[in-house]
Every structure is written in structure tokens, then in C-alpha cells.
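This report refers to the structure that appears directly beneath it.
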Amino acid sequence: MFTSFSTALSALQAQATAIDVVGNNLANLSTTGYKGSVVAFHDLVSQSLGSGEIQVGFGVGRPVTLRHFTQGSIQVTSGALDAAIQGDGFFLVQTPNGAIQYTRGGSFEVDKDGRLLTTTGEAVLGWTRTNGVLDTNLAVGSITVPVGTLEPPIKTTSFSFDLNLNAAATTGTASGSFSTSVTIIDSLGTSHLVTAQFTKNATSGQWDCSISIPDADVSNPPATPLTGSITFDTSGKLLTPTATDAAPQLQIQGLKDGAADMNINWNLFNGTTPRVSQYAQPSAISAVSQDGAPAAQLISISLGDAGKVLAQYSNGQQIVVGQLAMALVRNPESLIAVGNNNYQLSVRTAVPAVGTSGTGGRGSVVGEAVEASNVDIAQEFTNLIVLQRGFEANSKVITTVDEMSQVTIQLKK
């Protein structure tokens, strides 16, 4: 009978531990990326009474907590540096003392040195664009973004016009002449207006063209234009030059601003499809493009889908400057929670496989979103009621055994 004291006490301790776990789950109901825990109970060895047909247990052992890594809901946020994992995997972070940890919490920020950090100060690991190259085959390291830097200009090397020249135009009239322009960028980031003039030739299906920059832009005017002719077949399709011919090249020398000389290709084809046609419609331009860009200031940093770190510049360019690393752990339940939404490896944890989002079984990263806690408030309240009743029931056992003990003592008298 008196073993009931220790049996009931073990139950009270176990129930109290389970209530602590439920309380912690409820406390983290709104914690980003939090994974709820459950308690696993197990009985203690039983003692045999009499011939061994009667077994009485010694109560419940110290409970074991198990963490469930089920998917939490993805919540869209307004945070440019928020990221959520849809599927399996963890972000890699490094503590100030150099320890590697793992997290599902995707609320990040950038410090004064441009390092991408968690909100609790751990460095986010991945790959950083270096010398214009982002190589995810290298070892992971702290991601550094170009905060406050000036992106150098990109010199124009090619341009194109998507246009139609009027097949019904008459040579020597206004309809037989058409002009358009495109702005190019030199090596110093200076803009220059390139004007293309098309004039219908007396030869059927032929147009003469002249492309040049203003004389005022060169030190020794006049500027040398790109001249030549383009011809069309009877169906209005470009006949010459062909897609296999070398692209016509505008050569610009002696720019007044001191920029390097330029050799710019005129792309008449998109692959093998001509960009210029001659149909019986008014001459008109439908698209203009060139591959240069002026120098630009960094405007913002954001996290895009697939874990890409994007830099937005004032010239409209968006450049991938980093990539978040992800780790896949085959048995995440063995990880040890260390606070700040982070986990560390235990002796039972499989070696993490590190790679990029969406590869090797790793989940996908969703930008400008966070993963909510996977705690089910209804289930936790149910658990709380059950545990409370269990605690009360076992306390009743102690009270009952105490009363029986008093009766037994009274028997001596």
C-alpha cells in the first residue's frame, strides 16, 4: 500500500512536467518558426507479489519530450528580409562564438557592416556574390550585402530595334523616311543618344540606314556613323543581312567625356527571328533595347523566392547578391533547442546535407513571408485539461493513502 505514495508522487512530477511543456507551447503560440513539443510517458518496472501472478507498478518514469517538426502555415508579411521554408530543411546561422546552429525562424535584418543577421544577432550563412560571380559550390559563409555602395556603370555592347518599315512608302517622300533612337551608356556611365535613320531606296525592298551619336559627344566631330542597307523579300521578311552574318557594328571613338572607345553591335535578330520587317503598315517602332546601365545607388535589399538575396538599384537593376544556404536533417527530432528559435546537433543527429533551396529534398524558400508556429491552441487546451485531471486524480491517491495510513496506525491502539 505504501508504495502508492511514491507511485502517485512520480505521477505528480510527470504531470507537472507535461503541464510545463504545454505552457511552453502556448507561450510560443506566436513565435515565428516555433515547433511544438509533446510529452511521452513510460511506466516503471513492476514488482511481483505472491507467486508472481500479481504485478504492481512503481509508477511513471521521467517523461520524454518530443518535438514535432510539422509544417507551420506560411504567412505573407511586409518585411523585405523575411523568409519562410515550405517543406523540410533549416536555415544555417552562426553564433558570435562561432557555433553553427539551425533555425526555421526567417526574420532577418542587415547590420551596419552589411551582414545578414537574425533578429537575435546570429549571422545567416550562405553564399555572397564576389567579383560579379555567385558560386554556390564554395563553402558557406556569412552573407554580406553591398550596403551603401555604388554599382559601377555597365558599358553598352549591343542594341536593337524591333520595328516595321512601311512597304507602301514612296521614295523621296515623308513616308519613305523613318527615324528612331536609343540611349546608350559609355564606360564612365555617361548617356549618349544614338539615332537611327531609315530611308527607302529606289531599289525594291531596300532601305538605307545611318546610325550615329551627336557630333557634340565626340572630341573630333563629325562622329562616324554606321551606314549600310537592309533588304526584304517579297513577303516583307528581312533578306539581308542574314542571321549568320556578323552583326553591323557602330564604332564610337574619341568621346568627349574621356570614356573608352565603343564598339556596339546592332542586333537585327532575336536568335534567328528578324527584329525588322517590311509590311504595308505605317513605319513604327515596337521595342528598343540596349544592354548598358548607368552607375546606380543601392536602394534596398530584399529576400526573394528560392532564398535569393536581391539588391535593387536606382537604375532599375535588380541583382542577386547572395544566396541563403539550407540544411536538410534526416532526423530533426534529435535536434536540441538552444533558444532564439535555434537548434544544435546532438550525438544522435544525422550529418546535415547543405545546399540550396529546392534541391536534394530541401524545401523551397518563400520570400517576404514567415512560417507561423505549428502549435494547435485547441489541442493544447485539451491536453491541459487532461493533464490537470490526471494531476488531481493522483493527488487524490496520496490523500487516500494518507487516510488509510492513519487508520492503520489507529489499529495499534
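The values are calculated or read from the model by the stated rules, or taken from the named source; none is laboratory data. No experiment lies behind these values; they were computed from the predicted model shown. In this analysis, Cβ positions are derived from the backbone assuming ideal geometry, glycine residues included, and neighbour counts consider all displayed protein chains. Accessible surface is based on the protein model in full, side chains and every heavy atom, while ligands, DNA and RNA are left aside. Shrake-Rupley method; radii C 1.70, N 1.55, O 1.52, S 1.80 Å.
Quick notes
- When restricted to residues that are assigned to a helix (DSSP H, G or I), at pLDDT 85 or above and of a type outside the set (S, T, N, Q), region 375-409 contains 14.
- The condition of being hydrophobic (A, V, I, L, M, F, W, C), touching a Phe, Trp or Tyr at 6+ places or on another chain (Cβ under 9 Å) and farther than 30 Å from ALA325 by Cα holds for only one of LEU163, LEU188, that being LEU163.
- Condition met for VAL338 (more than 30 Å from PRO153 (Cβ to Cβ) and buried (at least 18 other Cβ atoms within 10 Å of the Cβ)): no
- Subset of region 266-286 [part of a strand (DSSP E or B), open to solvent by 50 Å² or more (accessible area, probe 1.4 Å) and not hydrophobic (A, V, I, L, M, F, W, C)]: ASN270, THR273, PRO274, TYR279, SER286
- Among the residues listed as LEU384, LEU328, the single one being crowded, with 16+ Cβ neighbours inside 10 Å and within 30 Å of THR7 (Cβ to Cβ): LEU384
- SER142 open to solvent by 40 Å² or more (accessible area, probe 1.4 Å) and touching a strand residue (DSSP E or B) at 6+ places or on another chain (Cβ under 9 Å): yes
- Here region 122-162 is the region considered, the condition is being among the hydroxyl-bearing types (Ser, Thr, Tyr) and assigned to a loop (DSSP other than H, G, I, E, B), and the residue that is nearest to VAL182 (Cα to Cα) is THR156.
- Answer from TYR343, TYR313 - the residue that is among the aromatic types (Phe, Trp, Tyr) and farther than 27 Å from ASN28 by Cα: TYR313
- Considering only residues in region 120-139 that are closer than 25 Å to GLY339 by Cα and more than 17 Å from the chain's Cα centre (by Cα), the one that is surrounded by the fewest Cβ atoms within 10 Å (Cβ to Cβ) turns out to be GLY121.
Table: residues versus (1) within 42 Å of the chain's Cα centre (by Cα); (2) at pLDDT 95 or above.
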{"site": "GLU151", "(1), (2)": "yes, no"}
{"site": "PHE161", "(1), (2)": "yes, yes"}
{"site": "ASN164", "(1), (2)": "yes, yes"}
{"site": "ALA174", "(1), (2)": "no, no"}
{"site": "VAL182", "(1), (2)": "yes, yes"}
{"site": "GLY189", "(1), (2)": "yes, no"}
{"site": "VAL194", "(1), (2)": "yes, yes"}
{"site": "SER210", "(1), (2)": "no, yes"}
{"site": "GLN251", "(1), (2)": "yes, yes"}
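- For region 174-198, taking the residues that are of a type outside the set (A, V, I, L, M, F, W, C) and open to solvent by 60 Å² or more (accessible area, probe 1.4 Å), the one that is nearest to SER283 (Cα to Cα) is identified as SER179.
- Just one of the listed residues (ALA311, ALA306, ALA223, ALA295) is among the hydrophobic types (A, V, I, L, M, F, W, C), open to solvent by less than 20 Å² (accessible area, probe 1.4 Å), within 30 Å of THR128 (Cβ to Cβ) and at pLDDT below 95, namely ALA311.
- Complete set of residues in region 329-373 that are in a loop (DSSP other than H, G, I, E, B), touching a residue at least 40 places away in the same chain (Cβ under 8 Å), over 15 Å from TYR34 (Cβ atoms) and not aliphatic (A, V, I, L, M): PRO352, THR356, SER357, GLY358, GLY361, ARG362, GLY363, GLU368
- Checking SER78, SER46 one by one, the residue that is at pLDDT below 90 and closer than 19 Å to ALA372 by Cα is SER78 and no other.
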